[in-house]
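The values are calculated or read from the model by the stated rules, or taken from the named source; none is laboratory data. Remember, predicted model here, so these are calculated numbers, not experimental data. Backbone-built Cβ (ideal geometry, glycine too); neighbour counts: all protein chains shown.
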Amino acid sequence: MKVKSEIILAILLMATAVISIYLGFRTGALNSKEDLRIQIEEKTEKIKVLEDKIQQLSQELTSRGIYSYPQASLVPEKGGTAAKVLITLNGREEIKDLEIERRINFDYLNNAGESLEATANKGKTVFLGTLTAHNPVAFEIENFQKDLAIDLKFKSGRDQWHQYIRTSKTPDGIKSFWVITNRDSEVIDKHIDPGFPTDVSGSVEFTENREVRYADIAMNSIFRP
């Protein structure tokens, strides 16, 4: 009888241990589910905050003309002194009712006393319509001999952009430097071709009497000619 009692006690102890272990696992699982629910709620709240910030940033960028903006590039014509200024959309959102005022100065480094102009395009404003990624526009430039300065003023509703282009013919081909600003004259884009003429400090002759150092032109900084 004693042996039988000990067997029964052992079975009871084993059953108790199994139940304890099961309840422990069950409690741990319940706790894990509760922790998981809390973590999900916290992460959901963080995602909502991030979404709000992204939306706010997107609106700010759009209002500052950064989300989409026009960008001009100089495309040389082969075998001559003519060139084409190609205006494309940088971004995804189309720009409606776009106008452009263009001022051009040939050999600008030797014509510092003259305003940026061309004989046929002095302060000329042209209506471009809707600019999309698949609908670029262009205009021709003739008599491009050595150095060329192009100042472009884009306007669409309340939005404005300025692009200042300086281009030089070098032994390695045509090289360009440009800066794009929004309506508040804040830099939103910039570029310089490798090999564009600079001095030993990396400065570019913006006009005959003014130099700018490309590395010092910071994004969002104020830039005016």
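Give me the residue from the range 139-159 that is in contact with a Ser or Thr (Cβ under 9 Å, 6 or more places away or on another chain) and of a type in the set (S, T, N, Q) and, out of that set, nearest to F127 (Cα to Cα). So the residue we want is N143.
For the range 75-85, the condition holds for no residue, the condition being that it is among the acidic types (D, E), farther than 15 Å from R158 by Cα and either surrounded by 15 or more Cβ atoms within 10 Å (Cβ to Cβ) or modelled with pLDDT of 90 or more (or both). Could you tell me whether the range 111-130 includes any residue that is hydrophobic (A, V, I, L, M, F, W, C), farther than 22 Å from P70 by Cβ, loosely packed, with under 15 Cβ neighbours inside 10 Å and modelled with pLDDT under 80? Yes - at least one qualifying residue is present in the range 111-130. Evaluate the range 153-167: report whether one residue or more is in a strand (DSSP E or B), surrounded by 12 or more Cβ atoms within 10 Å (Cβ to Cβ) and at pLDDT below 85. Within the range 153-167 (the criterion being in a strand (DSSP E or B), surrounded by 12 or more Cβ atoms within 10 Å (Cβ to Cβ) and at pLDDT below 85), the answer is no, since none of the residues qualifies. What tally of residues in the range 191-206 results from selecting those that are touching a residue at least 24 places away in the same chain (Cβ under 8 Å) and either in contact with a Cys (Cβ under 7 Å, 6 or more places away or on another chain) or buried (at least 17 other Cβ atoms within 10 Å of the Cβ) (or both)? Count: 4.
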